[in-house]
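Okay, so here's the structure we're looking at.
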Amino acid sequence: MIKALINWEFTKGWILGSQLNWIGERKRPANDPRPNLGDYFIAGLTLSTKIAEPLEFSLRANNIFGTNAKEPSINPFLLPGDVPVGAAVLIALWLALLWQRAGALYRVTGFGVEARLGIIAHQTVGLRFQDIRSMIIRQSLPERLLGVGLLEFASAGTDGAPVRFDQIAHPARVLQLVKERMAGAVSSD
């Protein structure tokens, strides 16, 4: 892979950037009957300016010549076609999110709340209902649109770590369930 970048400040505060990537031929494993993937070029342009320190606005166009760029799939039998470059990035992000979610278990028990984090190494943080002093929901605009968010429970003491239910679906419903359990009410959830 060879990458070339050129940035040009064509007027005060405005930068036009160009990027050219060359990806060489990729050889397949010996047990893969498909032909090797040939080399290709991908070009991109970026227009950027500083709005106010430290904010910067950028407009970017990738693959401006429409190159049919693909990366080899790992297993020709599970995924016979190759993966388009843009899709490979999305798949990697999805797998990273899946890995993060697989390592988190959040529970509302009859006695309190508990967050267990980690796949290989585990960390468990819990609070009894009577020790919970504040409950906060945090959601950005995209999270509100997707119906997910952060629900945080804190105790009165500053030495205890807060229990965080991160990226949970319907945090307001979970908060309501906790309030019902704290009040001694039984919920159908």
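What follows draws every value from the coordinates through simple rules; no lab data is involved. In this text, all values refer to a predicted model and were calculated from it rather than measured experimentally. A quick note on method: Cβ atoms are made from the backbone with ideal geometry, for glycine too, and the neighbour counts reach across all protein chains shown.
Longest span of the chain, sites excluded, free of chymotrypsin sites (Phe, Trp or Tyr not before Pro) in DSSP loop with at most 10 other C-beta atoms within 10 Å? Walk me through the intermediate numbers first.
Details: sites that count: Phe65, Phe77.
Answer from the scan: 78-189.
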**Report entry** Contact order relative to length of the stretch 29-127, as percent, for alpha carbon pairs under 8 angstrom and 6 or more apart
**Finding:** 15 percent
Query raised in the report: In Å, what Rg and Dmax follow from the Cα atoms of the stretch 2-100?
Result: 17.9, 56
Report task. May I ask you to sort His122, His170 by Cβ crowding, counting other Cβ atoms within 10 Å and putting the fewest first? Result -> His122, His170
**Report entry** MRE, 222 nm, helices only [DSSP H, n ≥ 4, -39500 (n - 2.57), over the chain, to nearest 500]
**Finding:** -6000 deg cm²/dmol
Query raised in the report: For the stretch 1-42, max minus min Cα coordinate along each principal axis, in Å, sorted largest first?
Result: 56, 12, 10
Query - In order through the stretch 105-117: 3J(HN,Hα) via Karplus (6.51 cos²θ - 1.76 cosθ + 1.60), integer Hz, x for Gly, Pro - result: 10, 10, 9, 10, 9, x, 10, x, 10, 8, 10, 10, 10
Query - Extension gain (nm, one decimal) between Thr67 and Gln123, 0.36 nm per residue minus Cα-Cα - result: 15.6 nm
**Report entry** Relative contact order of the stretch 1-40, defined on C-alpha pairs under 8 angstrom at six or more residues apart (%)
**Finding:** 33 percent
Report summary line: Karplus-derived 3J(HN,Hα) from phi for the stretch 172-181 (6.51 cos²θ - 1.76 cosθ + 1.60, θ = phi - 60°), whole Hz, x at Gly and Pro, runs 5, 5, 5, 4, 4, 4, 5, 4, 5, 5
Requested in this report: Show the residues, 5+ positions off or on another chain, whose built amide H is closer than 5 Å to the amide H of Ser155.
Outcome: Arg133
Query - Whole-number D in µm²/s for the stretch 103-182 (Stokes-Einstein; Kirkwood sum over Cα pairs; 10 °C, 1.306 mPa s) - result: 123 µm²/s
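Near Arg144, within a Cβ-to-Cβ distance under 15 Å, what is the net charge of the other residues, with Lys and Arg +1 and Asp and Glu -1? Could you put the intermediate results ahead of the total?
Numbers: positive: Arg138, Arg173; negative: Glu143.
So the surrounding residues net to +1.
Could you list Ile23, Ile137, Ile120, Ile6 in order of exposure, starting from the residue whose Cβ has the fewest other Cβ atoms within 10 Å? Mind dumping the intermediate values first?
Details: Ile23 19, Ile137 15, Ile120 5, Ile6 9.
So the ranking, lowest neighbour count to highest, is Ile120, Ile6, Ile137, Ile23.
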